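Below: the structure, in C-alpha cells.
Each value in this text was obtained by applying a stated rule to the coordinates, not by laboratory testing. Bear in mind the structure is a predicted one, so any value in this text is a computation, not a measurement.
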Amino acid sequence: MRLWLQGATRSQSSMQFCPKCSLALIPTKKEKIVVLACPKCGEETRRSDPIVQKLGTAKESVVVIGKGENNLRTLPIMKVSCQKCGHEEAFYWMVQTRGGDEASTQFFRCTKCGRTWREYS
C-alpha cells in the first residue's frame, strides 16, 4: 500500500524515524486518527496536519496487435506449436500486464492461421 501525505510540504512529507530505536515510522490508523508508529518498539507520534489517504491503482491495459499490424511481419518468430492448425511457427511479443515485480506475459500469433494466445511466464 502506498500512502501520500496530501497538503504536506516537502519537509513535512519526509520520512520520520523512531527516537528510541531509529526505525522508520509507519502511518497507522488508531481510533479515527492516523499516527506514525514504530513497528519494533511501538513508539507513536501524532501527525495532525497532513491527511493520509490510499492512492488508487492504475488500470491494467493490454496491447493487442491488430490484423493490419500483423501484415507488417516485423515481429520475431518462435518455434511453438499452434493448437488450432498444428503449424510450428508463431510471432511473439511480450507485455507487462501485471505488476512490475512480476514476469511479463508472452503473446503468440500463428504465422499460418493467425490464432493468438498467451502464456504467463
message = Just want to confirm a number: the relative contact order over the range 67-120, from Cα pairs under 8 angstrom separated by 6+ residues, in percent.
response = 26
ask   = What's the extension gain from S104 to F17 if we count 0.36 nm per residue and subtract their Cα-Cα distance?
value = 27.7 nm
query = Could you give the alpha-carbon Rg of the range 67-120 over 2.2 N^0.38 Å, rounded to two decimals?
reply = 1.18
task = Multiply the residue separation of I26 and I77 by 0.36 nm, subtract the distance between their alpha-carbon atoms, and state the gained length in nm to one decimal.
result = 13.5 nm
